[in-house]
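Enquirer: Once you've had a glance at the structure underneath, I'll fire off some questions.
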Amino acid sequence: MKALGRFFRDMNRNKALLLMVLPATIWFLLFSYLPMLGAIISFKEYRIHGGFLSSFMHSRWVGFDNFKFLFSTDDAYIITRNTLLYNIVFIFIGLVLAVAMAVILSEIANKKLAKWYQTGMFMPYFLSWVIVSYFVYSFLSFDRGVINKIALGLGMDPQQWYSEPKYWPFILILVFLWKSLGYNSVVYLAAILGIDKSLYEAAMIDGANKWQQIRNVTLPMLAPLMTILTLLAIGRIFYADFGLFYQVPRDSGTLYSVTNVIDTYVYRGLKTTGEIGMSTAAGLYQSFVGFVLVITSNYIVRRFNKDNALF
């Protein structure tokens, strides 16, 4: 009883703070925790029988048949490979470029000019992938694209960009970095601006040049944030940005070998076959693998530096 009374006293003492986090708590309960019950559908042959609950109760159990169906196709290896490799490149190249860009922006003496650069880099983040796909199409269109117009002007043959898979890994990586680099760099820039200036002053007194200050002060101070954001990104390594891989290549069938990922595969399967159970199985598979990767990566980080780990 004493423990219960202490609990209610603490609740009353911190009621202002609890009210502040209440909207976020409700949001997570409704959209993150409550939908976890739907994972059971991945073990059922889901069929419509009236409402959702009625369909949920009347659909028969099939065990791991949905998972077998997901991985028995010829595309299973391709979609898993593409999802993993693209995300690995996005994580590590994106990390390096975001940190480099944040450091460059922090070193610009003219702060008004730096804000203009920062705003210009941040703007693509707010564009939807549908709009970005039209931007890309304006460059890569066979008959009206800017690149083919330039090639014709130089006496070169135009390229059928939307029929040539070999170019698209580079195109997708470039488009992703263009869209996300500004947002990621702002996160690191905010961390750089929060670094104690006395550390740089001490480094200058010791005779450190600008590069030595970055290497010995800025990067070590950014290391915890870099580690945490990387761990979170690793947790979603089996999730692909649907808009990037579906909208930007314009769902071209000839490009599936390099643009088909788990998310687009599930969408196409759901659109053509209506297999809700298989789609749920794919989502559960992605979540489970992401959970294992986060736990494993966090354990490895803790072995080297406990302060940089998530938990």
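The values are calculated or read from the model by the stated rules, or taken from the named source; none is laboratory data. Because the structure is a prediction, the values reported are computed rather than measured. No Cβ is skipped: glycine too gets one built from the backbone with ideal geometry, and neighbour counts run over all protein chains shown. What goes into the accessible areas is simple: the full protein's heavy atoms, side chains included, and nothing from ligands, DNA or RNA. Shrake-Rupley method; radii C 1.70, N 1.55, O 1.52, S 1.80 Å.
Enquirer: Work out the FRET efficiency for LEU84 and ARG6 from their Cβ-Cβ distance, taking R0 = 35 Å, and round it to the nearest 0.05.
Expert: For R0 = 35 Å, the calculated efficiency reads 0.10.
Enquirer: Pull up the cross-link candidates among the lysines for LYS179, meaning alpha carbon to alpha carbon under 20 Å and not fewer than 8 places away within one chain.
Expert: List returned: LYS115.
Enquirer: Show PHE242, PHE67 ordered by accessible area, largest first, where the area counts protein heavy atoms only and the probe is 1.4 Å.
Expert: The residues order as PHE242, PHE67, largest area first.
Enquirer: Taking LYS68 as the anchor, which lysines have their alpha carbon closer than 26 Å to its alpha carbon, excluding any fewer than eight residues away along the same chain?
Expert: Partners found: LYS44, LYS271.
Enquirer: Quick one: check the C-alpha center-to-center distance for region 68-85 versus region 268-311, whole angstrom.
Expert: 15
Enquirer: Based on DSSP H assignment, which helices of the chain show an axial Cα extent of at least 27 Å together with a mean Kyte-Doolittle hydropathy greater than or equal to -1.0?
Expert: Those that clear 27 Å and a mean of -1.0 are 75-107, 168-193, 276-304.
Enquirer: Using modelled amide H (1.01 Å from N, peptide plane; none on Pro or chain starts), what sits under 5 Å from the amide H of TYR46, excluding residues fewer than 5 places away?
Expert: Those qualifying (amide H under 5 Å, at least 5 residues apart or on another chain) are GLY277.
Enquirer: Continuing with this model, one more query. Which lysines have a Cα lying under 17 Å from the Cα of LYS111, excluding residues fewer than 8 positions away in the same chain?
Expert: Here the lysines satisfying the reach criterion relative to LYS111 are LYS197.
Enquirer: In whole Hz and in residue order, list the ³J(HN,Hα) couplings for region 208-215 that follow from phi through the Karplus curve 6.51 cos²θ - 1.76 cosθ + 1.60, θ = phi - 60°; x for Gly and Pro.
Expert: For region 208-215, the Karplus-derived couplings read 6, 7, 4, 5, 5, 5, 5, 6 Hz, x marking Gly and Pro.
Enquirer: Summing -39500 (n - 2.57) over the DSSP H runs of n ≥ 4 in the chain and dividing by its residue number, what mean residue ellipticity at 222 nm do you reach, to the nearest 500 deg cm²/dmol?
Expert: -21500 deg cm²/dmol
Enquirer: Express the accessible area of the chain per residue in Å², computed with a 1.4 Å probe while the remaining protein chains stay in the model.
Expert: 62
Enquirer: Would you mind telling me which residue in THR80, THR272, THR230 has the biggest mean-square fluctuation in a Gaussian network model of the chain, where springs connect alpha carbons within a distance under 10 angstrom?
Expert: Checking each option, the largest mean-square fluctuation is seen for THR272.
Enquirer: Let me ask you something else. Answer with a single label: of (1) 6, 26, 34, 25, 8, 1, 0; (2) 5, 18, 24, 25, 18, 8, 2, 0, 0; (3) 6, 28, 35, 22, 7, 2, 1, 0, which was calculated as P(r) over Cα pairs in 10 Å bins from 0, in percent from the structure in view?
Expert: The value computed from this structure is option (2).
Enquirer: What number, in percent, do you get for the relative contact order of region 125-188 if the mean sequence gap of Cα pairs under 8 Å and at least 6 apart is divided by its residue count?
Expert: Once divided by the residue count of region 125-188, the mean separation gives 25 percent.
Enquirer: Given the options ALA240, ALA39, ALA281, state which has the largest fluctuation in a GNM of the chain using a 10 Å cut-off (strictly under) for Cα springs.
Expert: Most flexible of the set in this elastic network: ALA39.
Enquirer: If the chain between TYR137 and ASN305 were fully stretched, how many nm would it gain, using 0.36 nm times the residue separation less the Cα-Cα distance?
Expert: Length gained between TYR137 and ASN305: 55.9 nm.
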